[in-house]
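First up is the structure itself, then whatever we jot down about it.
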Amino acid sequence: MYPFSFHQTTNVAQSVSLKKEHTEAKFIAGGQSLIGVMKLRLDKPAQIINLGAIPELSGICVEGKTLTIGAMTRHAQVAASEDVKNCIPGISQLAGLIADRMVRNMGTIGGSVANNDPAADYPAGLLGLNATIITNQREIKADDFFLGMFETALEASELIQSIRFTAPIKSAYAKFKHPASRYAVVGVFVAQFPGEARVAVTGAGSSVFRLTEVEKALASNFSADALETIRISADGLNSDFFADSEYRAHLIKLMAIQAVNQAK
Ligand SMILES: Cc1cc2nc3c(=O)[nH]c(=O)nc-3n(C[C@H](O)[C@H](O)[C@H](O)COP(=O)(O)OP(=O)(O)OC[C@H]3O[C@@H](n4cnc5c(N)ncnc54)[C@H](O)[C@@H]3O)c2cc1C
């Protein structure tokens, strides 16, 4: 490691004010991405602002059909929460499929969403449900938030405080894991809303994206039968040593069928 200043903050206003003062500073949540990036010298922030001691950033709250998860809530907490399981089973399932136990105990929903890794799971859940990202300065719909690989609509000093979801009729997430990293080679989140279906894919492109032809097919018939004749194009999909674009296109269809079959 190399020297940096570590700022322990206890509220959002203090964190944001420090970030404005030190423009090159980085917020740290669970460090599950940031520490790796720093070890590899891909980023060398001179100032780190810890969000771990800000009580208002953690916790899970359900009010009717609205589920709100604080940015610092760990994946393990989301996976274990009966409130999440009852309100939006697909999000509970997704959190339990992230990485391994150690990463789930440290990694946070806010860190995952802010990082927008192209193979991360939460972006698919947020886009599939068109969740709302609540920051210290505004509310952003998921449709407008994920801009590209590791790129979001967040401004330089903007801090994610929580994520708000509206419960669909049914939802589920299916993931074909990379056997080593456990990131998604392809992950598909499906959600059924009244008169509408939403389908979001991670792992297959430069950033999470919606699958409109599958959404159309599921809107009137939310069942695996509706997907039988669908052909997913490999154009523009990721291709690497582990999975080429044709294979990923095939996996998208399989994961979509699996998710629809599991949806509750
Ligand atoms: C071995 C390994 C396997 C993994 N496998 C998976 C997987 O299968 N699926 C998956 O989805 N993820 C996976 N991850 C990533 C993991 O889920 C973490 O959630 C993710 O890396 C973010 O980590 P973090 O919450 O600790 O955020 P950090 O690493 O602390 O921060 C990540 C970035 O977000 C910014 N940030 C953090 N919090 C906020 C906030 N509230 N507001 C604004 N910016 C913020 C930070 O400045 C930093 O740039 C894996 C990670 C590891 C190390």
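Descriptive notes on the structure:
- Breaking point among (1) in a helix (DSSP H, G or I); (2) within 11 Å of the ligand (Cβ to nearest atom), for ILE133: (1)
- Selection count, segment 30-50, where residues are farther than 15 Å from SER157 by Cα and open to solvent by less than 40 Å² (accessible area, probe 1.4 Å): 5
- Checked against (1) more than 13 Å from the chain's Cα centre (by Cα); (2) open to solvent by less than 10 Å² (accessible area, probe 1.4 Å); (3) closer than 30 Å to SER239 by Cα, LEU154 meets all criteria but (2).
- Tallying residues that are within 11 Å of the ligand (Cβ to nearest atom), within 30 Å of THR10 (Cβ to Cβ) and not charged (D, E, K, R) within segment 153-203 yields 8.
- Whichever residue in segment 107-121 is more than 6 Å from the ligand (Cβ to nearest atom) and assigned to a helix (DSSP H, G or I) and, among such residues, is surrounded by the fewest Cβ atoms within 10 Å (Cβ to Cβ): VAL113
- Residues that are more than 23 Å from LYS20 (Cα to Cα) and either among the small types (Gly, Ala, Ser) or not assigned by TED's automatic domain parsing to the domain that holds GLY111 (or both) within segment 62-81 comprise GLY64, ALA76, ALA79, ALA80, SER81, listed in sequence order.
- Against the conditions (1) part of a helix (DSSP H, G or I); (2) open to solvent by 70 Å² or more (accessible area, probe 1.4 Å), ALA226 satisfies every one except (2).
- Test result for VAL208, open to solvent by less than 20 Å² (accessible area, probe 1.4 Å), hydrophobic (A, V, I, L, M, F, W, C), more than 30 Å from ASN136 (Cβ to Cβ) and under 20 Å from the mean Cα position of the chain (by Cα): no
- Any hit, segment 90-101, residues being open to solvent by 40 Å² or more (accessible area, probe 1.4 Å), outside any loop (DSSP other than H, G, I, E, B), over 20 Å from ALA153 (Cβ atoms) and at pLDDT 95 or above: yes
The values are calculated or read from the model by the stated rules, or taken from the named source; none is laboratory data. For clarity, every value in this text was computed on a predicted model and none was experimentally measured. Neighbour counts are summed over all protein chains in view; Cβ atoms, including those assigned to glycine, are modelled from backbone coordinates with ideal geometry. Accessible surface areas use protein heavy atoms only, side chains included; no ligands, DNA or RNA. Shrake-Rupley method; radii C 1.70, N 1.55, O 1.52, S 1.80 Å.
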